[in-house]
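Data block below; observations after.
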Amino acid sequence: MTDSRTAAPLGGRICVVTGGTRGIGLATVRALAEAGASVVLTGRDEAVAKERAAEVAAESGAVCAGYGLDVTDSAAVRALFTSVAREHGTVDCLVANAGVLEDALVGMIRDELVDRMLGTNVAGTLSCLQAAARVMMRKRSGSIVLLASIVGERGNAGQCAYAASKGAVSALTKSAAKELGRYNIRVNAVAPGVIRTDMIAHLPDDLVAARTADTALGRVGTPEDVAKAIRFLCGPDADFVTGQILGVDGGLVL
Ligand code: NDP
């Protein structure tokens with residue numbers, strides 16, 4: 001059930017989390033719901049999204065609704081935000097979390113991979129930011145959190161397309177923060193390190209161990225580690241924080 005000590009920070013706020021069906025997105029939905037927010041989560045499969053929303057509502061006592069949405073369909077993104085604003089009154093927070101990762105060496109990168117990576121991670125993120133900002137500009141307040149990556153900041157062999165897409169998310173964060181600040185809309189990003197989700201399930205354990213050996217904290221991250229940072233950026237404790245890329249990587253980039 002919702003803890004009264006944590007219910008206040010996001011009480012009454014309407015938050016949309018894209019890609020909220022699993023991994024970092026689902027942990028974020030739970031963290032926001034525990035902080036008192038009403039949460040709309042999206043996933044490509046509407047039945048799965050509704051199922052996850054019902055589970056979070058049952059465990060937290062918060063209002064939680066699930067919608068089907070492919071973020072690469074910009075018309076569907078616009079329709080989703082229009083319908084959320086109509087049904088829930090407004091949108092206070094967006095967590096544009098939906099993303100994909102496919103590894104490929106430079107010589108092996110195919111056009112379709114580039115389309116998928118940039119279409120989802122860049123164009124999909126921008127569509128969601130744009131649709132949320134239109135709602136937020138009307139009430140002159142809001143908080144938007146994007147999912148960048150340490151790979152977008154430092155680069156990584158075998159991940160040129162992914163790194164380019166996440167570097168673009170960092171640039172988008174800073175530009176949107178500058179443009180939307182006058183509407184009292186904050187835009188920040190988290191840059192996770194190595195986080196144990198489906199996205200890295202294809203990596204052998206020894207590679208994950210090698211990547212995390214260099215971190216100051218010496219462990220792989222959890223979706224909850226990232227969700228707590230996102231919750232901070234969404235909420236009132238970050239009221240004067242905008243345009244930031246917050247590393248959540250256990251000290252990997254030190
Ligand atoms: P997962 O693969 O576990 O989850 C990805 C989520 O994105 C799923 O909910 C998936 O929904 C959704 N998604 C993918 N494509 C689309 C699309 N076209 N339209 C709508 N939803 C979509 O990944 P993570 O939780 O690990 O990653 C979440 C974010 O964090 C991503 O942006 C990722 O790049 C970023 N990140 C992750 C890191 C990690 O180590 N895990 C490190 C750095 C950044 P569906 O259920 O429909 O497939």
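Brief remarks follow.
- Since only G155, Y67, A131 are under comparison, the one whose Cα sits farthest along the positive direction of the charge dipole of the chain, derived from C-beta charges on Lys, Arg, Asp and Glu, is A131.
- The charge dipole of the range 112-254, taken about the Cα centre with unit charges on the Cβ atoms of Lys, Arg (+1) and Asp, Glu (-1), comes to about 780 debye, rounded to the nearest 20.
- Straight-distance crosslink candidates among lysines, where the alpha carbon sits under 20 Å from K178 and sequence neighbours closer than 8 are dropped: K139, K166
- Alpha carbon centroid spacing (whole Å) that separates the range 9-67 from the range 234-254: 22
- Calculation over all alpha carbon pairs of the range 17-140 in 10 angstrom steps from 0 returns a P(r) of 14, 43, 31, 10, 3, 0 percent.
- For the chain, the solvent-accessible area with a 1.4 angstrom probe is 46 square angstrom per residue.
- Annotation: lysines with alpha-carbon distance below 27 angstrom to K50 (same-chain offsets under eight excluded): K228.
- The chain: Cα Rg divided by the 2.2 N^0.38 Å rule of thumb: 0.95
- Contact order, relative form, for the chain: 18 percent (alpha carbon pairs under 8 Å, 6 or more residues apart, mean separation divided by residue count).
- Between 0 and 90°, nearest 10: helix 74-88 axis offset from the chain longest Cα axis: 30
- In this Cβ point-charge picture (+1 for Lys and Arg, -1 for Asp and Glu), the range 99-159 has a dipole of about 620 debye about its Cα centre.
- For the chain, size of Cβ-based charge dipole, Lys and Arg +1, Asp and Glu -1, in debye: 980
- Surface share of carbon and sulfur [accessible, 1.4 angstrom probe, percent] for the range 1-113: 52
- Full-stretch length increase - V208, V63 - with 0.36 nm per residue and alpha-carbon distance subtracted: 48.6 nm
- Sequence ranges 200-206, 165-171, ranked by mean other-Cβ count within 10 angstrom, highest first: 165-171, 200-206
- Paired Rg and Dmax values of the range 137-249, which use every Cα atom, in angstrom: 15.3, 50
- Relative to the longest principal axis of the Cα atoms of the chain, the long axis of helix 125-139 lies at roughly 20 degrees.
- Fraction of accessible area attributable to carbon and sulfur, the range 126-215 (%, probe 1.4 Å): 51
The values are calculated or read from the model by the stated rules, or taken from the named source; none is laboratory data. Model, not experiment: these values are computed from the prediction. FYI the Cβ positions are ideal-geometry reconstructions off the backbone, even for glycines, and counts take in every protein chain you see. Areas reflect the complete protein model, heavy atoms only, side chains present, ligands, DNA and RNA absent. Shrake-Rupley method; radii C 1.70, N 1.55, O 1.52, S 1.80 Å.
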